[in-house]
Amino acid sequence: MAFQRGRLAPPKPGHKSFDSKDPGHWYRYGLECLNEHKWKESAEAFEEAARADSSDGASLSMLGGVYLLLEERDKAEEVLERLRKVSPGEAQQLEDRIRRSLA
């Protein structure tokens, strides 16, 4: 891992240590993008994490939240439907965030 701004940064896609089949790598990359306000890249990373592990409720929840940041409520609601199947508790939290974004 590379050292960046006083912390270990996750490997980025394309780097030799990045495993594109590892949902954890995608999730950590999504968080890094989120911290850098790279919303679209973050959404893509969380989508890849969820694709790599279809039972990954955390990635789906983060993906839905990023879609709300991007003001793409339709996509957030699609993610909500996927999330309901794997993690009802996280789905409820995302549903609450969607409702608050409509207020």
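This table checks each residue for (1) on the phi < 0 side of the Ramachandran plot; (2) crowded, with 21+ Cβ neighbours inside 10 Å; (3) at pLDDT 70 or above.
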{"site": "Leu8", "(1), (2), (3)": "yes, no, no"}
{"site": "Gly14", "(1), (2), (3)": "no, no, no"}
{"site": "Ala45", "(1), (2), (3)": "yes, yes, yes"}
{"site": "Asp53", "(1), (2), (3)": "yes, no, yes"}
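Give all pairs with beta carbons closer than 6 Å in which a residue from the range 19-46 that is farther than 14 Å from Leu69 by Cβ meets a residue that is aliphatic (A, V, I, L, M) and surrounded by 21 or more Cβ atoms within 10 Å (Cβ to Cβ); count only pairs at least 6 apart in sequence or on separate chains. So the pair list comes out as Pro23/Ala49; Trp26/Ala45; Trp26/Ala49; Tyr27/Ala49; Tyr29/Ala45.
Taking the criterion of being more than 16 Å from Gly30 (Cβ to Cβ) and touching a residue at least 24 places away in the same chain (Cβ under 8 Å), the residues of the range 92-103 that qualify are Gln93, Arg97, Ile98, Ser101, Leu102.
Output yes when any residue across the range 56-68 is polar (S, T, N, Q), under 17 Å from Gln93 (Cβ atoms) and outside any loop (DSSP other than H, G, I, E, B), and no when none is.
The answer is yes, given that some residue of the range 56-68 is polar (S, T, N, Q), under 17 Å from Gln93 (Cβ atoms) and outside any loop (DSSP other than H, G, I, E, B).
Restricting to the range 71-92, what's the tally of residues that are surrounded by 14 or more Cβ atoms within 10 Å (Cβ to Cβ) and more than 18 Å from Pro23 (Cβ to Cβ)? Of the residues in that region, 9 qualify. Exactly one residue among Asp56, Asp74 is without any contact (Cβ under 8 Å) to a residue 60 or more places away in the chain and under 20 Å from His25 (Cα atoms), and that residue is Asp56. Do the conditions hold for Leu31, that is, is it aliphatic (A, V, I, L, M), assigned to a helix (DSSP H, G or I) and crowded, with 20+ Cβ neighbours inside 10 Å? Criteria not met by Leu31.
The values are calculated or read from the model by the stated rules, or taken from the named source; none is laboratory data. This is a predicted model, so every value here is computed, not measured. Because the Cβ atoms are built from the backbone with ideal geometry, glycine has one as well, and the counts that use them run over all protein chains shown.
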